[in-house]
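The values are calculated or read from the model by the stated rules, or taken from the named source; none is laboratory data. What you see is a predicted model, and the numbers here were worked out from it, not measured in a lab. In this analysis, Cβ positions are derived from the backbone assuming ideal geometry, glycine residues included, and neighbour counts consider all displayed protein chains. These accessible areas exclude ligands, DNA and RNA; they are computed on the full protein's heavy atoms, side chains included. Shrake-Rupley method; radii C 1.70, N 1.55, O 1.52, S 1.80 Å.
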Amino acid sequence: PLIYSIDGEWGLAMRLTDAFSYPRQLTLGASNNDSLIYEMGKNIALQSKAMGIHINFAPDVDINLNPKNPVIGNRSFGEDKERVARLGWNYLKGMEDNGVYGSVKHFPGHGDTETDSHLALPTINHTKAFIDSVDSYPFRYAIDRGARMVMIGHLNIPCLISDPKLPSSLSKEVITDYLKRDLNFKGIVITDALTMNGVTNNYVDGEAEVRALIAGVDILLMPKDEYKAVSAIIKAIKDGRITV
């Protein structure tokens, strides 16, 4: 059967009219209340199931490190990595205990950028040590407790990626080497939307989708042109770029 999903960080009202809207994550972070966040996750799951939705692309576990960030801001639980990690996990667990998959995002951390990845490719100029100890901390926290799905952001991260134009969502160094090997993630890897300019500005006609699969992605979210993506993937299989 088909799998239905939604990007509903503050509930189904993020995408659907006449649905219930919860507070944004920054407000919830101020409450610092684990059980409250768990109950919200539970209720979002029950509302999703009533609509036939199986996956909610939430929570956002980016750390709010840059006040000029144009795309994260109030979508983050805050600037404290431990609070972000703990509340993000409770949101995720509340959903998954009640039959709806969640997806922690945007790996390895979209919190410190002044560029919107919907419009262009942001660069994260943190050191590897900083990413290990801060940016990826909420992801590691969730993975260690059994998170099943991680969404990869469209981010260039020089300390992890050798190609200055390559987004993390297409990078074997980020997905296979860092997420799967170093963080020991065994679950499902999904891209952020492949219609976003952070990836489409440099990769067209299905090349982004091919590179994402080679990098270790399991699910391609919203290819810009499904026909071109499928055609490019079939060609890449025939050419030996993708093995099956």
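Name the single residue, out of those in the stretch 1-41 being in contact (Cβ under 8 Å) with a residue 12 or more places away in the chain, more than 21 Å from Met51 (Cβ to Cβ) and hydrophobic (A, V, I, L, M, F, W, C), that is least open to solvent (accessible area, probe 1.4 Å).
Ile37
Could you please give the count of residues in the stretch 226-244 that are on the phi < 0 side of the Ramachandran plot and not in a helix (DSSP H, G or I)?
Final tally of qualifying residues: 5.
Tally time: how many residues in the stretch 102-127 are out of contact with any His (no Cβ under 9 Å at 6 or more places or on another chain) and either free of Cβ contacts under 8 Å to residues at least 12 places away in the same chain or of a type in the set (S, T, N, Q) (or both)?
Summing the residues that are out of contact with any His (no Cβ under 9 Å at 6 or more places or on another chain) and either free of Cβ contacts under 8 Å to residues at least 12 places away in the same chain or of a type in the set (S, T, N, Q) (or both) in the stretch 102-127 gives 6.
Would you say Ile3 is among the β-branched types (Val, Ile, Thr) and in contact with a Pro (Cβ under 8 Å, 6 or more places away or on another chain)?
Spelling it out, it is not the case that Ile3 is among the β-branched types (Val, Ile, Thr) and in contact with a Pro (Cβ under 8 Å, 6 or more places away or on another chain).
Regarding Arg241, is this residue over 23 Å from Tyr4 (Cα atoms) and buried (at least 20 other Cβ atoms within 10 Å of the Cβ)?
No.
From (1) closer than 19 Å to Leu119 by Cα; (2) in contact (Cβ under 8 Å) with a residue 24 or more places away in the chain, pick out the condition that doesn't hold for Asp218.
(1)
Among (1) more than 23 Å from Ile188 (Cα to Cα); (2) touching a residue at least 60 places away in the same chain (Cβ under 8 Å), there is one condition Phe57 misses while meeting the rest; what is its number?
Looking at each condition in turn, Phe57 falls short on (1).
How many residues, within the stretch 58-74, are farther than 17 Å from Ser136 by Cα and open to solvent by less than 40 Å² (accessible area, probe 1.4 Å)?
3
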